[in-house]
Structure formats: structure tokens, C-alpha cells
Amino acid sequence: MIKKTAQTVILLNFGCRDIQKFARAIRAEHIYTMVMPWTTPVSRVMQEEPVGLIICRDEAAAEHPAELAAFQALGLPCLVDSGLNAEAAIAFCKNQCGCQGLWTVDRFIEEAIAEVKEQVGDSTVVLGLSGGVDSSVTAALIHKAIGKQLTCVFVNHGLLRLGEPEQVQKIFRDTFDMNLVYIDATDRFLDKLAGVNEPEKKRKIIGGEFIDVFAEAAAATKAKFLAQGSIYPDFLESIPLDGNPNGVIKSHHNVGGLPENLKFEGLVEPLARLFKDEVRAVGRKLGLPEVMIDRQPFPGPSLGVRCVGEIKREYLRMLREADAIYLEELRASGWYGKTWQAFAAFLPVKSVGMLNGQRHYGYTIALRAINTSDAVTAQVVHLPWELLEKVANRIPAEVEGISRVVFDCTPKPPATIEWE
């Protein structure tokens with residue numbers, strides 16, 4: 001799943017809350033790092049042929065002396081870091097581990113293309129294309145490696161934003177010379193999601209249906225491999241990095257491997273080693289247009305995690321219209337490019353309002369705008385009050401069924417970026 005590269009340094013998590021941020025700081029020096037929990041077997045760690053180990057833990061973290069001793073006994077350069085000190089870690093990597101900053105964008109692309117060619121051979125690949133950064137860069141990278149052996153499948157699961165199905169088809173069918181299959185599975189997804197309130201269950205239903213749709217697409221294209229735009233934070237948030245099963249932040253629909261009954265030979269995940277900013281850098285190097293590279297992140301379950309609680313078609317209609325107004329005003333004011341991610345969320349909470357002089361009992365829209373460099377932590381964007389006031393006036397006036405607009409001012413942590 002995660003490929004090894006030259007001069008790998010393993011970060012072993014013995015209880016470090018900010019380990020992803022720590023890893024990213026070292027990677028900024030073109031030193032490749034992998035994060036593994038302290039429960040990882042020594043044999044698995046050594047499969048990556050590391051040049052050094054960094055033991056990461058916060059000062060109040062629990063001790064695990066036996067496991068620590070086992071890793072120290074490997075004879076590799078080992079730094080035990082009881083606090084987040086990126087500068088010391090970088091110096092350790094360069095001076096003690098001999099890291100020369102070899103992990104560059106060019107080198108990654110070269111390695112990834114070679115790995116895809118080796119894995120796929122003469123077989124065909126099916127990729128789920130959403131038009132987001134991750135899937136777009138994945139498509140470009142795999143297409144560069146195997147060309148027409150790749151078929152991009154764009155699934156409309158009924159959870160996309162306003163006008164998005166048309167936009168994605170236009171860009172990839174008209175602009176890029178890629179095989180593109182469009183599947184409208186709106187009813188299939190929404191029927192299965194009816195009455196489901198629990199966030200993790202919604203995610204798993206969406207992920208399960210996605211796999212099934214691709215299985216059907218593969219039967220028509222005779223594809224042997226399924227490609228996914230999984231990136232490194234997807235894996236890190238889906239596994240208990242501290243060894244505690246309750247430590248999972250959230251599951252991702254594209255993490256967990258192939259179900260036994262799925263008739264693909266395997267997964268092709270060329271971006272599985274990259275953080276989001278690294279994905280963008282690869283996309284630019286591959287020549288993807290800035291309008292695509294700078295597109296704000298959109299979650300795999302799409303509006304399914306921005307429609308809190310049960311998903312209904314009418315809720316989605318209100319959410320799409322409100323979100324479109326919000327993004328329109330952000331672009332018009334110049335603030336879209338100043339935010340890493342901005343979106344509307346639908347809250348199934350009704351409150352009294354006034355519309356055309358009449359008492360109105362409608363739902364609530366929450367607006368969110370955050371900035372981050374790695375999606376590990378996120379800060380709320382201080383949007384101008386005049387902009388928020390304009391959006392808050394437009395949405396209830398133009399979106400039937402909405403009576404109230406609120407602004408989410410919670411950073412990550414304690415909140416996550418998405419509402420579910």
C-alpha cells in the first residue's frame with residue numbers, strides 16, 4: 001500500500017498528538033518519512049529499509065519500555081523525542097542518518113510511474129474521477145504511466161455540488177484525451193442512505209456502494225485494477241496511530257483494501273505517500289491547469305458529510321443552493337483564493353424566521369471557512385463581516401426552506417474540518 005523510497009526515516013508514534021505535523025516538517029526538507037504506531041512489528045518497520053528511527057511522544061504519554069527497547073536494539077540511528085522539536089529531528093536525519101534531501105517531486109513522479117507500470121503491466125485500470133485535486137492528479141499520473149489502459153469512471157451519486165456533474169464531464173472529456181464513463185447512480189445511493197443518521201454508517205454505505213459501482217464498471221471495461229486517489233492523511237486518520245483502536249479519527253471510504261468478493265486484482269494508489277500540498281505540487285509538475293490544482297478539497301463522501309444526520313433529497317437541494325451562493329460571494333469578493341476550504345453544511349435544526357412579512361419555520365445552514373497547510377490542524381478564516389452578512393441575507397431569501405445562517409468558528413482541533 002505504502003511504497004518505500006530512498007533514505008526513509010520512520011516516525012514511531014509512542015503517543016504524539018501532533019505527529020502528522022512533525023512528519024510534514026521533516027518532509028519539507030525533502031526527507032521521506034513514514035508514520036507507524038508503536039505496536040508495529042519490528043519486521044514490518046524493517047521492510048521499509050529505514051536509515052533511522054525517531055521515537056515520537058508527548059511528555060505525558062504512556063511508557064512502553066519493551067517495545068522501545070526492541071526498536072533501539074535494531075542498531076539504527078535512533079532519536080527519542082519527548083517533545084515536538086522539528087529542528088532537532090531534521091538535524092538528526094541529516095547528520096546521523098545521512099539523509100541528503102533526495103525525496104523531490106521529480107523523483108516521486110519517476111518512482112510512481114515506474115511502480116504503476118510494474119504493478120499494472122498490460123492490464124487495464126478503472127479510476128473513480130470526481131474532479132477534485134486528488135483524483136485529478138491520480139488520473140494524470142496513471143495516464144502518464146499507461147495511457148489508454150486507464151478508464152476514468154465519474155459516478156454521480158447524488159451528493160455532488162450544484163453543476164458539478166456537467167463541469168467534470170466537460171473538463172475531462174473535452175479538454176483531456178482520457179477515456180471517461182459517466183454513471184448516474186443518484187437513486188441507488190440515496191435510496192440506501194434513506195433513514196441513516198449515524199456518520200460512520202453513512203460513510204461506509206457510500207464507500208460500499210462506490211466499490212459496487214466500480215465492480216460493475218470493471219465488468220464492462222474488463223479492468224483488472226481499481227485506482228483510488230487515497231493520500232497519506234486518509235491512512236493516518238483511519239488507523240489507531242497510538243495503538244488504541246479507539247484512536248481512529250474517522251474512517252475514509254477509500255481506505256481498508258479490497259473486499260474479498262471484488263473482482264479486481266488489486267488497488268493502484270500512487271498518491272498514498274503524499275500530503276495534500278505534495279499532491280498539488282505533483283499536479284503542477286504534471287501540467288494540470290491551476291483552476292484544477294487550486295480547487296478546494298472536497299471529501300470522498302461529498303455532501304453526505306455536510307448534510308448532518310439523515311440525507312434527504314430536499315435537504316440536498318437546499319444545501320446545494322446555499323453552498324453555491326456562498327462560493328459565488330467568496331469568489332466575487334476575492335476570498336475564495338484566500339481560504340483552503342470553504343463550504344456550507346445543512347443542519348436539520350428548524351427555527352422561526354420571517355419571509356415576505358410572514359412567519360417562516362425553516363432549517364439552518366452553517367458556513368465554514370478554514371486555512372491549513374496539511375489538513376492536520378486548521379484555523380478559522382476571519383472573513384469580513386460585510387461578506388458574511390451578505391451571504392446570510394441571500395441564502396434565506398433565495399433558498400426555499402432555510403430561515404437561519406450561522407458561521408462555524410471552531411478550529412481543528414477540537415473540531416474536524418468536515419461536520420461528519
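The values are calculated or read from the model by the stated rules, or taken from the named source; none is laboratory data. Keep in mind the model is a prediction, meaning the values are calculated, not measured. Cβ coordinates were reconstructed from backbone atoms using ideal geometry, including for glycine residues, and neighbour counts include every protein chain displayed. Note: areas computed on protein heavy atoms with side chains; ligands, DNA, RNA excluded. Shrake-Rupley method; radii C 1.70, N 1.55, O 1.52, S 1.80 Å.
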Study note, to complete from the structure: Cross-link reach from residue 192 to lysines, straight Cα distance under 24 Å and at least 8 residues apart if same chain, gives 201, 202, 204, 250, 263, 312
Exercise for review: Report, in degrees rounded to the nearest 10, the 0 to 90 angle that the Cα long axis of helix 133-146 makes with the longest principal axis of the chain.
Suggested key: 60 degrees
Point to revise | Area accessible to solvent at residue 390, 1.4 Å probe radius, in Å² | key: 110 Å²
Practice item. Using only alpha carbon pairs under 8 Å that are at least six residues apart, calculate the relative contact order of the chain and give it in whole percent. Key: 13 percent
Revision key, fill the gap. Relative to the chain, whose Cα atoms define the longest principal axis, helix 199-221 and its Cα axis are tilted in degrees, nearest 10, by 80 degrees
Practice item. Could you order peptides 305-314, 291-300, 114-123 by the average number of other Cβ atoms within 10 Å of their residues, highest first? Key: 305-314, 291-300, 114-123
Point to revise | Relative contact order, percent, segment 1-125 [alpha-carbon distance under 8 Å, six or more residues apart] | key: 30 percent
Practice item. Find the centroid of the Cα atoms in segment 318-389 and in segment 109-181, then give the distance between the two in whole Å. Key: 30 Å
Check your understanding: Mind checking which lysines have their C-alpha under 17 Å from residue 144, skipping anything on the same chain fewer than 8 residues away?
Key -> 117, 285
Review point. Under 19 Å Cα-Cα from residue 338, which lysines qualify once same-chain neighbours fewer than 8 residues away are excluded?
Key: 276, 390, 412
Exercise for review: Compute the separation of the alpha-carbon centres of segment 1-78 and segment 271-300 and state it in Å as a whole number.
Suggested key: 26 Å
**Study point:** Sum of -39500 (n - 2.57) over DSSP H runs of 4+, divided by residues of the chain (222 nm, nearest 500)
**Key:** -11500 deg cm²/dmol
**Study point:** Length-normalised contact order for segment 326-409 - Cα pairs under 8 Å, 6+ apart - percent
**Key:** 31 percent
**Study point:** Folded to 0 to 90 degrees: helix 86-95 orientation relative to the chain principal axis, Cα
**Key:** 40 degrees
Check your understanding: Hey, any idea what % of the chain's accessible area is carbon plus sulfur with a 1.4 Å probe?
Key -> 52 percent
Check your understanding: Among 141, 162, 127, which one shows the biggest mean-square fluctuation in a GNM of the chain, springs joining Cα atoms closer than 10 Å?
Key -> 162
**Study point:** Which of 97, 413, 37, positive extreme of dipole for the chain (C-beta unit charges)
**Key:** 413
Exercise for review: May I ask you to rank 44, 368 by accessible area, largest first, using a 1.4 Å probe over the protein chains only?
Suggested key: 44, 368
Check your understanding: Quick one: net charge of residue 276's neighbours, Cβ under 9 Å, K/R +1, D/E -1?
Key -> -3
